[in-house]
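Trainee: So that we are looking at the same thing, I have put the structure below in structure tokens.
The values are calculated or read from the model by the stated rules, or taken from the named source; none is laboratory data. Quantities reported herein were computed from a predicted structural model and do not represent experimental measurements. A quick note on method: Cβ atoms are made from the backbone with ideal geometry, for glycine too, and the neighbour counts reach across all protein chains shown. For the accessible areas, the whole protein counts, side chains as well, though only heavy atoms, and no ligand, DNA or RNA atoms are used. Shrake-Rupley method; radii C 1.70, N 1.55, O 1.52, S 1.80 Å.
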Amino acid sequence: MIPISWVLFLSLSLFTIGIFGVLARRNLLFILISLELMLNAVVIVFIAASRYHSASMANSDGQIMYLLVLTLAASEIAVGLSLVIHMYRQHHHLDIDKLNKLRD
Amino acid sequence: MLDNMLDTIFIITATIILISALLTITAHNVVHALLYLVITMLAVSLVFFILGASFAAALQIIVYAGAVMVLFIFVTMMLHQGEKSLAQERHLFHFSTSITALLLSSLLFFELIFMLFFTSADTEKSTVTAPSSAFITVKQIGVQLYGPYSLLVVISALMLLSALITAIHISKSPATIEIKTKGHNL
Amino acid sequence: MTQYSSLLALIPLLPLFSALILLFSNLPKLGVSILAVGSVAGVAFISLFLNFIFWQQSDFILTASLGTWINIAQLKISFGLYLDPLSLVMITIVSGVGALIHLYSIGFMYQENDFKRYFTYLNLFVSAMLFLVLADNLLLLYLGWEGVGLCSYLLIGFWYQDRNNNLAANKAFLMTRIGDTAMAIGLFLLFTQLGTLDIQEIQIKAHSVWSLNNDNNTMASICCLLLLGGAVGKSAQLPLQNWLPDAMAGPTPVSALIHAATMVTAGIYLIARNSQLFQLAPDVLYLVALIGTFTLLLGASAAMVQTDLKRILAYSTISQLGYMFLALGVGAGASAVFHLMTHAFFKALLFLSAGALIYSLHHEHNIFKMGGLLKKLPVVAMSFAIGCAALASLPFTSGFVSKELILAQVVASGHTGLWWAAVLGAFITAFYSARLFFVVFLGQTQLSPNAMPTKSMSLALVILGVLSLFGGIQPEGLKALMPQLNTEGLSTLQHWLPIILPFIAISFAWWLFKTKRFGKPIVSSFLQAIHQLLKSGWAFDHIYQTIFVFPLNTLCQLNKDDLIDSFYRLIERTSCTLHRTFSQFQNGQLRSYNASLIIFCILAFAWFISGELIL
């Protein structure tokens, strides 16, 4: 049986990589991709939780949470990508550093 | 023996996930990044499989590697301008601009690892408890979904619907709206 | 008696209404003069009528009320008027001399553009002065007091285009304000001590409250001192006297009205009115006498060396007011008021003839540029001569009678030193009056007059001249003010010296004038220094400049950035800086927002970890 700390280690590493992507990339498309990675990291924990949950009876809560997160990811990607398209139409680039009009 | 093999497969899969995730984040070409992302997704689904969640693994492949990736690819096809956007991307992202990000994320990483392995002894104990050998079947999930979690289903449905409407509204081209109103006026 | 109440009420109201009409209407000059002079002349006739009714009655009281002013709990203040012999004399002086000066002003100010404004102020002034004199409570008196101060400010600065006039007006206002503040505090103190502000009640209550414990009259002394402060400010006595010479910046009739005949007498009136209160504080009375003596010497000596016609008269006013204070101080309130009356006559006469001179001579003020005007301006010269004679207290003038009375009473009170000082002052007074007359009217002609005084001016001069000569009949009613004094016990010296001295002084002045020693530059440096000192009025301006104005200015300069405020400005600046610092974080960059989120997570985790490690 795989120790749960291995799975958690994997999840944390994936999550940190996603954070690095969100922080470092300036292209909106890459930020969305990084968000996907972070969501995946979270999802792994959910699945692992459902696996390692108490012994007496099987618990599917983790997998149901996975379904919710999946739906969330799909919706998020749909909205996010439409925003990407919209932004590209407006500005002809995807550099989010140049979108700072809210400051004023 | 089986455990040993599973461990080996898990380690290999985890390595693939991390490497392909890193490649995804650092790629300059969007298409390459997406391909690495597909690899990550597939590897994650393998992890799910190892963890005994076969339904989740299937969904991971279908929804992530299938639907979401297709969305990404479509958008990329619409926006990608070959060498020009590649050069632009190289300008936007290189090592020197991401030192702060690297520093912050590695700090966070070390803290998380520290919390995971060195803080509480309880976590070690909980790993020791033997997990139930029974795999969760799709039927159980379905019963759960339409039993105690039915509200969740409704909420996800509403969320998907609102996302759909939002996506349509946002991506509706202002130019077409203008033309429409013009035609109406004529 | 009561049938005259409405007449009494008319006295202060007539000029007030006239002033209000002038303020809000647009009459031609003729209308303005008729209204302004008519109202004051009306008051003068009313007061003459009242004089006729009450002539030589020693105790009568007439009251009138114009309504309630303040009515809160025990504080009941009404616009009550109170007429007794003292205030009857005062209103006669104020309205009589005021009316003559109004009459004179028509001629003097006719070319002025602001004719209407001038008469508005003048009427307002007369009204305020009448309120002051007739008030039956100290608060109403204070209202009149302040009204007089305000009008004096407005009239001194009448020609407001000239900066010096404004400065003089400011100076007069500020100097009198010091006294006014003291007086206001005195009023508060009196009210807290005695529970009333009614003047008559105060006299009675003061005696019942303070004379019970004779050894502890400190509170009475303090009250009297504070009231004295007000009187000193208004009447230009020693510490606060130096506004008066500068106040000559206003038109000459104004100087005559305000700074000679009426306003400056308000302080005398205040003390005379509260004489019974002051009797409870003999120390303060002695201080009054001392102040009067020093002031009369100061004024006389300063008047001796001035070259500006109006300044000579101003200093002589200060010195004559000193005589009145001296009389008040030795307990001869009646003589003080009597001298006030005669002084009002002859000083108004002097000022008005000086005004006529100035009017005729292209606004020339320097007496050494005049000379030999006796033949050219006979009416003016005659009235000036009468005025000077009265000022020098030559026999058979009104000034002689009143001044002799004061000197006699000083002797009777036993202050021999003060008597000698007063006699010295009389000598100097006679000397400078003679000098003034000789230099201006005798000798060689230097400037020839280009305009003759108008008829209205001459008329006023003649009436005042007659009054100055024959105004020395003391009203019987004033005797009530005076505690019985034995004026019989005068030695021969004390009787004859004040009569002879003016003649000696005049002959001395004549000798100096004949030998042409007036107006010559002084050789000796020591004498020159004294001359300079006297000319600046004992350098009080300079002293105040060094003691008060300069340190205050320095302090202001030092505190230009407002030391106390800087603390609050520090708060303001800190918050501004913090605002600017924190608004740096809101840069609109999505990635920096993300980064701050991550940093927060890192810190939170670090906190958690450190907590775990300590455990």
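Trainee: Skip the ligands, DNA and RNA, and give the accessible area per residue of chain C with a 1.4 Å probe, whole Å².
Mentor: Per-residue value: 43 Å².
Trainee: If we sort C:455-466, B:155-166 on the protection proxy, mean other Cβ atoms within 10 Å, highest first, what's the order?
Mentor: Per-residue mean Cβ counts within 10 Å order the peptides as C:455-466, B:155-166.
Trainee: Please report, as a whole percent, how much of the solvent-accessible surface of the protein assembly as shown comes from carbon and sulfur atoms (probe radius 1.4 Å). Intermediate values should be presented prior to the final figure.
Mentor: Working: 29000 of 41420 Å².
Summing carbon and sulfur atoms, their accessible area is 70 percent of the total for the protein assembly as shown.
Trainee: If the chain between C:Asn26 and C:His579 were fully stretched, how many nm would it gain, using 0.36 nm times the residue separation less the Cα-Cα distance?
Mentor: 193.2 nm
Trainee: Using protein chains only (no ligands, no nucleic acids) and a 1.4 Å probe, work out which residues of region A:27-55 have their accessible area cut by at least 20 Å² relative to the chain alone.
Mentor: A:Asn27, A:Leu29, A:Phe30, A:Ile33, A:Glu36, A:Leu37, A:Asn40, A:Ile44, A:Ile47, A:Arg51, A:Tyr52, A:Ala55
Trainee: Let me ask something else. Straight-line reach from C:Lys560: which lysines have Cα under 28 Å away, leaving out those fewer than 8 places along the same chain?
Mentor: C:Lys171
Trainee: Mind checking how much accessible area B and C bury in total, 1.4 Å probe, in Å² rounded to 100?
Mentor: 900
Trainee: Can you give me the angle between helix A:28-52 and the longest principal axis of chain A, using Cα atoms only, in degrees from 0 to 90, rounded to the nearest 10?
Mentor: 10
Trainee: From the cross-link list C:Lys347/C:Lys375; C:Lys29/C:Lys455; C:Lys310/C:Lys514, which pairs have alpha carbons spaced over 21 Å apart?
Mentor: From the list (C:Lys347/C:Lys375; C:Lys29/C:Lys455; C:Lys310/C:Lys514), the Cα-Cα distance tops 21 Å for C:Lys347/C:Lys375; C:Lys310/C:Lys514.
Trainee: Right, another one. Could you list the square roots of 5 times each eigenvalue of the Cα gyration tensor of the protein assembly as shown, that is, the equivalent ellipsoid semi-axes, sorted largest first and rounded to whole Å?
Mentor: Sorted largest first and rounded, they come to 109, 32, 28 Å.
Trainee: Rounded to the nearest 100 Å², what is the buried accessible area between A and C, both sides summed, probe 1.4 Å?
Mentor: Summing both sides, the interface buries roughly 900 Å².
Trainee: Let me have the 222 nm mean residue ellipticity of chain A computed from DSSP H runs of 4+ only, each contributing -39500 (n - 2.57), with the sum over all residues rounded to the nearest 500. Could the numbers behind the result be given before it?
Mentor: Details: 3 runs with 77 residues, N = 104.
Taken over chain A, the calculation gives -26500 deg cm²/dmol.
Trainee: Is there a simple number for the mean count of other chain Cβ atoms within 10 Å of the Cβ of residues in B:80-87, and what is it?
Mentor: Neighbouring Cβ atoms belonging to other protein chains average 1 per residue here.
Trainee: If I model region C:293-350 as equal point scatterers sitting on the Cα atoms and use the Debye formula, what is log10 I(q)/I(0) at q = 0.13, 0.14, 0.21, 0.22 Å⁻¹?
Mentor: Evaluating at q = 0.13, 0.14, 0.21, 0.22 Å⁻¹ gives log10 I(q)/I(0) of -0.32, -0.37, -0.75, -0.81.
Trainee: Please report the spacing between the Cα centers of region C:325-404 and region C:542-615 in Å, no decimals.
Mentor: Spelled out, the Cα-based centre of one part sits 70 Å from the other.
Trainee: Here's another thing I want to ask about it. Which positions within region B:144-162 get 10 Å² or more of their accessible surface covered by the other protein chains, compared to the chain by itself, with a 1.4 angstrom probe?
Mentor: Relative to the lone chain, where solvent access is computed with a 1.4 Å probe, region B:144-162 loses at least 10 Å² at B:Gln144, B:Leu145, B:Tyr149, B:Leu152, B:Ser156, B:Met159, B:Leu160.
Trainee: Can you spot the lysines whose alpha carbon is less than 19 Å from B:Lys84's alpha carbon? Ignore those fewer than 8 places along the same chain.
Mentor: Those lysines meeting the cut-off are A:Lys98.
Trainee: In peptide B:51-57, what is the residue-averaged number of other protein chain Cβ atoms found within 10 Å of each Cβ?
Mentor: Average per residue, whole number: 6.
Trainee: Same structure again: Counting only heavy atoms of protein chains, what accessible area per residue, in Å², does region A:4-101 have with a probe of 1.4 Å?
Mentor: Solvent-accessible surface per residue comes out at 33 Å².
Trainee: Moving on to the next point. With charges set only on the Cβ (+1 for Lys and Arg, -1 for Asp and Glu), what does the dipole of the protein assembly as shown come to about its Cα centre, in debye to the nearest 20?
Mentor: 2800
Trainee: Another question, if that's okay. What are the semi-axes of the equivalent ellipsoid for region A:4-101, taken as the square roots of 5 times the Cα gyration tensor eigenvalues, largest first, in whole Å?
Mentor: Listed largest to smallest, the semi-axes of region A:4-101 are 34, 16, 6 Å.
Trainee: Between C:Leu603 and B:His32, with labels modelled 7 Å along Cα→Cβ, what's the label distance in nm to one decimal, could you check?
Mentor: Those two pseudo-labels are separated by 3.8 nm.
Trainee: Per residue, what accessible area does region B:2-136 have, given a 1.4 Å probe and all protein chains present, in Å²? Can you show the working numbers first?
Mentor: Working: 7070 Å² over 135 residues.
I get 52 Å² per residue for region B:2-136.
Trainee: Let me ask something additional. Give me the compactness ratio for region B:2-136, meaning the Cα radius of gyration over 2.2 N^0.38 Å.
Mentor: Ratio of Cα Rg to 2.2 N^0.38 Å: 1.33.
Trainee: Now for a different question. Which order do the peptides C:571-584, C:12-25 take when ranked by the mean count of other beta-carbon atoms within 10 Å per residue, highest first?
Mentor: C:12-25, C:571-584
Trainee: When you look at the Cβ of every residue in B:108-118, what mean number of other chain Cβ atoms sits within 10 Å?
Mentor: 6
Trainee: Give the B-A buried accessible area in Å², both sides summed, 1.4 Å probe, nearest 100.
Mentor: Buried: approximately 7100 Å² between A and B.
Trainee: Here's something else I'd like to know. List the lysines whose Cα lies under 22 Å from the Cα of C:Lys76, skipping any in the same chain that are fewer than 8 positions away.
Mentor: Here the lysines satisfying the reach criterion relative to C:Lys76 are C:Lys205.
Trainee: If Rh is defined by the Kirkwood formula over all Cα pairs and Rg also comes from Cα, what ratio Rg/Rh do you get for chain C?
Mentor: Rounded to two decimals, Rg/Rh equals 1.15.
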